[in-house]
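Visitor: To start, I am sharing the structure in question, which I have written as structure tokens.
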Amino acid sequence: MSVQIQSYSASGFPSDFNTENYCVVLLKGSGVFSVDQINYSYEGSTVLFLTPYQKLKLISEADEPIFILLFHGDYYCIEYHKEEVACNGLLFNNIYLNPSIKLASENYEYILGIFDYIQHELSEKHLFSESIIKTYIQLILAICSKQKSGSLEEQISTGRLPNKNAAEFQKLLELHFKDEKELSFYSTKLNITNNTLSKAVKKEFDKSPSQLINERITLEAKRLLHLTYRSVKEIASDLGFSDEFYFSRYFKKSVGCSPKKYREKVGISIVAKMSM
């Protein structure tokens, strides 16, 4: 199914949750969740965003219900709708930001209500249901994008500035991740030790530099598999891998499936098809 709503109790949540869909997850209570083996704490009403084949694990202190909206990229393409909802790179596909947002209780209830409306339209299967469901998905993403953008602006306005070395590492990584995969390249560029850089990056992003390098390469690989018709061999070369098979093993270790399987399950975006 291209879109669906799932619900679980915290105690009944799968030990390893991942899917070929985009996911909007509503959590309540407090505890810890991990996305791709990175831990994040949460408290109160929380909404979490997952891209295809991200791995979610949950450790909750209260047996609160969990609600998940799943939609396939072929059903609602976040790249195609980027002019209406700038959620790509804000809610989804940003390795530097926490993948969740803390919600006011009224916003949690409002989004949960939209989930109910979507479930109703799924059961109706009316002529206009697909258009209505897409509008509901867009509304959820717009509300959450507005809140997350506002939270980031508030951090800046209150004088919360990023660590200089961590910020410079982020800039360098965006420029060089295709060609430079070793920590020493970045620490040398910044004229600091590997240890100093690691501490700064870990404090700023809750991830090590090596984790961010790996995630940035994997994120770009996913993007190229989903948004282009390039072959796996071409994508491997573009990302600095001389051996297509080594790239495939690298990708599978990070994502849990081969590049070919990922493309088959996630599909090639309408954006790629329109650019032909």
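FYI, it's all coordinate maths here, none of it is from the lab. Keep in mind it's a predicted model, so treat the numbers as computed, not measured. Glycine gets a Cβ as well: all are built from the backbone with ideal geometry, and neighbour counts include every protein chain shown.
Visitor: About the Cα centre of segment 71-199, what is the dipole size in debye to 20, counting +1 per Lys and Arg Cβ and -1 per Asp and Glu Cβ, all else neutral?
Guide: With only Lys, Arg, Asp and Glu charged at Cβ, the dipole is about 660 debye.
Visitor: Work out the charge dipole of segment 181-276 with +1 on the Cβ of Lys and Arg and -1 on the Cβ of Asp and Glu about the Cα centre, then indicate which of His226, Ser275, Ser208 is farthest towards its positive end.
Guide: Checked the options; the winner is His226.
Visitor: With all pairs of different alpha carbon atoms counted, what Kirkwood hydrodynamic radius in Å does segment 169-274 show?
Guide: 14.7 Å
Visitor: Give, rounded to the nearest 20 debye, the magnitude of the charge dipole that the chain has about its Cα centre when Lys and Arg contribute +1 at Cβ and Asp and Glu contribute -1 at Cβ.
Guide: 880 debye
Visitor: Please rank Asp206, Asp16, fewest neighbouring Cβ atoms within 10 Å first, as an exposure proxy.
Guide: If I rank by nearby Cβ atoms, fewest first, I get Asp16, Asp206.
Visitor: Report the one residue of Tyr117, Gly150, Asn93 whose Cα lies farthest in the direction of the positive end of the charge dipole of segment 3-157 (charges on C-beta: Lys and Arg +1, Asp and Glu -1; origin at the Cα centre).
Guide: Ranked along the dipole, the leading option is Asn93.
Visitor: Taking the number of other C-beta atoms within 10 Å as the exposure measure, put Asp36, Asp74 in order starting with the fewest.
Guide: Ranked by crowding around the Cβ, least crowded first: Asp74, Asp36.
Visitor: Could I ask something else about it? In whole Hz, with x marking every Gly and Pro, tabulate ³J(HN,Hα) for segment 262-274 from phi via Karplus 6.51 cos²θ - 1.76 cosθ + 1.60, θ = phi - 60°.
Guide: Running phi through 6.51 cos²θ - 1.76 cosθ + 1.60 with θ = phi - 60° gives 4, 5, 4, 7, 7, x, 9, 4, 4, 4, 5, 5, 6 Hz.
Visitor: Here's a follow-up. Just how far, in whole angstrom, is segment 246-263 from segment 63-110 if you go by their alpha carbon centroids?
Guide: So the separation of the two Cα centres works out to 24 Å.
Visitor: Among the chymotrypsin sites (Phe, Trp or Tyr not before Pro) within segment 143-242, which fall in a DSSP loop and have no more than 16 other Cβ atoms within 10 Å of their own Cβ?
Guide: In loop regions of segment 143-242 (DSSP not H, G, I, E or B), the sparsely surrounded chymotrypsin sites (Phe, Trp or Tyr not before Pro) are Tyr229.
Visitor: Quick one: which of 100-109, 136-145 comes out on top by average Cβ neighbours within 10 Å, and what's the full order, highest first?
Guide: The most tightly packed comes first, giving 136-145, 100-109.
Visitor: With θ set to phi - 60° and the Karplus curve 6.51 cos²θ - 1.76 cosθ + 1.60, what are the ³J(HN,Hα) couplings of segment 115-122 in order, to the nearest whole Hz, using x for Gly and Pro?
Guide: Values, residue by residue: 3, 4, 5, 5, 4, 4, 5, 5 Hz.
Visitor: Report the trypsin sites (Lys or Arg not before Pro) located in segment 188-248 that are in a DSSP loop and have at most 15 other Cβ atoms inside 10 Å of their Cβ, or state none.
Guide: Within segment 188-248, the qualifying trypsin sites (Lys or Arg not before Pro) (loop, at most 15 other Cβ atoms within 10 Å) are Arg230.
Visitor: Is there a quick way to get the dipole size of segment 169-274? I mean about its Cα centre, with the Cβ of Lys and Arg at +1 and of Asp and Glu at -1; what is the value in debye to the nearest 20?
Guide: 380 debye
Visitor: Which whole-number percent gives the relative contact order of the chain, counting Cα pairs below 8 Å spaced six or more residues apart?
Guide: Normalised by residue count, the contact order of the chain is 17 percent.
Visitor: Compare the Cα positions of Ile235, Cys77, Pro162 along the charge dipole of the chain (+1 at Cβ of Lys, Arg; -1 at Cβ of Asp, Glu; about the Cα centre) and return the one farthest towards the positive end.
Guide: Ile235
Visitor: Over 25 Å between Cα atoms: which of Lys28/Lys55; Lys207/Lys233; Lys146/Lys202; Lys202/Lys253 fall into that group?
Guide: Lys207/Lys233; Lys146/Lys202
Visitor: Right, another one. Give me Rg over Rh for the chain, both radii from the alpha carbons and Rh done the Kirkwood way, two decimal places.
Guide: On the Cα set of the chain, Rg over Rh gives 0.97.
Visitor: Order these by the 10 Å Cβ neighbour count, fewest first: Tyr22, Tyr53.
Guide: Tyr53, Tyr22
Visitor: Under the 0.36 nm per residue contour assumption, what length would be gained going from the current alpha-carbon distance of Lys253 and Gln138 to full extension?
Guide: Taking Lys253 through Gln138 to full extension adds about 38.1 nm, to one decimal.
Visitor: In percent, how large is the relative contact order of segment 169-274, given Cα pairs closer than 8 Å and 6 or more residues apart?
Guide: This gives 24 percent for segment 169-274.
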